[in-house]
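Quick notes on the structure that follows.
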Amino acid sequence: MFFMKPDKSRKQLVIDALMQHGKAMTLDQLSNETGILPIHIQQAVSSYDSPVVRVRKKTYDHISHFYPGRLFRFSPTDEELRLGIAYCKGGLEFFFSAWQTNPSSITIQFNEHLYILKRVCKAKEANSYFSGLKKLYTDLRLHPGDDVLFTCVDITTFTFSVSCDRLEKRDALKISIKNRLLADMVEDILKHSYSHAELEMFLVRRYLFTYPFDQPTPPDSLYKAIVKDPRFIFTPRDRISLQDGRVITGDIENMIGLKKYFFHTADGRDILVSIQTDEEFGGKYGWCTECWGRMVWEKNIGWRHANDECEIEEVPKEFWNFTELHTHIH
């Protein structure tokens, strides 16, 4: 065991240990190698922009070791095919950049040719796009409805290979199964999230780093995989109101929430319901995070405000395993 040198951060010591080891290491192994307590290792590598990722329980690896071979399904629109671009939405940008932010260029390999993609920034982030795809689309002989499969070759140089998944040859059943597995993974993440909603960037990176079902057939992009799933609300379709008073509309950042923890208002917002444990009696009760009034959950409609202060209903047991909910206006 050796101890931290003052000229290196804890994160850098963990990175050095993983790069020297060449594969995933458990927290105990990293602690023995670096002299850093396990809890401090977790704190050091927990930021979204860290190249160190938890790949299994109490096991971490450097992204450059496991990211090569990762697949991403991109479904270009007619507009993107016509203009030879790919909009920076739907997770593609996060797949290309991994833990880094906006690399200056992306290299695509196809049939021994190289294609260089450039990111074109617009005032509205949703309008930003990657240019340089027109020849690639032509060489792939893409038609409307075809999907493009990107595979990471080397994330340190932002190099990817590409293939085409033809509409007429696509295994729709297998993709739908992968989509369901992805949605289940997102649901589990949101169940344990403080606000039961997370930014798209966080969720996309979580599934890109840890989703184990992408080969050989990857799921659709995250939004496409969950768009018809009644478990979720998401911007820009929905307006998500969080405990801090922010209303997320999707104009700047996209967010996905677990629908059963929100109630839908007459003015079109989905407001977070905070479930808290009564310290005296131990039961769990819902509270509106906008007015902090009591909430009551019913299976057929979801959340509603209590009729009066005498209506005190504990969150029923069936709520915790409930997965489908239709919108109900209160």
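Nothing in this text is a laboratory measurement; each read-out follows from the coordinates by a stated rule. These numbers come from a predicted model, not from an experiment. Note: ideal-geometry Cβ built from the backbone for every residue, glycine included; neighbour counts use all protein chains shown.
Quick look at the numbers
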| read-out | value |
| --- | --- |
| For a label point 7 Å along the Cα-to-beta-carbon line of Gln20, residues of region 48-62 with backbone N under 20 Å | 51-53, 59-62 |
| Under Karplus coefficients 6.51, -1.76 and 1.60, residue-wise ³J(HN,Hα) of region 298-306 in Hz, glycine/proline x | 10, 4, 7, 10, x, 8, 8, 5, 4 |
| Pairs of alpha carbons in region 72-168 whose separation is greater than 20 Å (percent) | 29 percent |
| Max mean-square fluctuation residue, GNM over the chain, Cα-Cα springs under 10 Å, options Asp147, Asp49, Asp278 | Asp278 |
| Cα pair count fraction exceeding 18 Å, expressed as % - region 172-229 | 27 percent |
| Residue-span extension gain [Gln42 to Tyr194] - 0.36 nm each, minus C-alpha spacing | 52.9 nm |
| Length added when fully stretched, Lys174-Ala266, from 0.36 nm per residue minus Cα-Cα | 29.2 nm |
| Approximate spin-label separation Gln12-Asn300, in nm, with each point projected 7 Å along Cα-to-Cβ | 6.4 nm |
| Segment Thr59-Arg246, length gained on full extension (0.36 nm per residue, minus Cα span) | 63.8 nm |
| For the chain, built as a Gaussian network whose Cα springs stay under 10 Å, the top-fluctuating residue of Glu314, Glu168, Glu80 | Glu168 |
| Kirkwood Rh and Cα Rg combined as Rg/Rh, region 234-319 | 1.00 |
| Sequence of Val53, Val296 once ranked by neighbouring C-beta atoms within 10 Å, starting from the fewest | Val296, Val53 |
| Relative contact order computed over region 192-330 (Cα-Cα under 8 Å; 6+ residues apart), in percent | 20 percent |
| Spread of Cα-to-Cα distances over 10 Å intervals beginning at zero, given as percent, for the chain | 5, 22, 27, 24, 16, 5, 1, 0 |
| Considering only the chain, percent of DSSP beta bridges that pair antiparallel, nearest 5 | 90 percent |
| Estimated distance in nm for a label pair at Arg166 and Thr138, the labels positioned 7 Å out from Cα along Cα-to-Cβ | 2.2 nm |
| Placed amide H near Cys88: partners under 5 Å, 5+ positions off or other chain | Ser128, Tyr129, Phe130 |
| Region 172-229, relative contact order in percent, only Cα pairs under 8 angstrom and at least six apart counted | 58 percent |
| Neighbour net charge for Trp292 - beta-carbon separation under 14 angstrom, K R +1, D E -1 | -2 |
| Qualifying lysines (Cα of each under 20 Å from Cα of Lys284; at least 8 residues distant if same chain) | Lys191, Lys259, Lys260, Lys299, Lys317 |
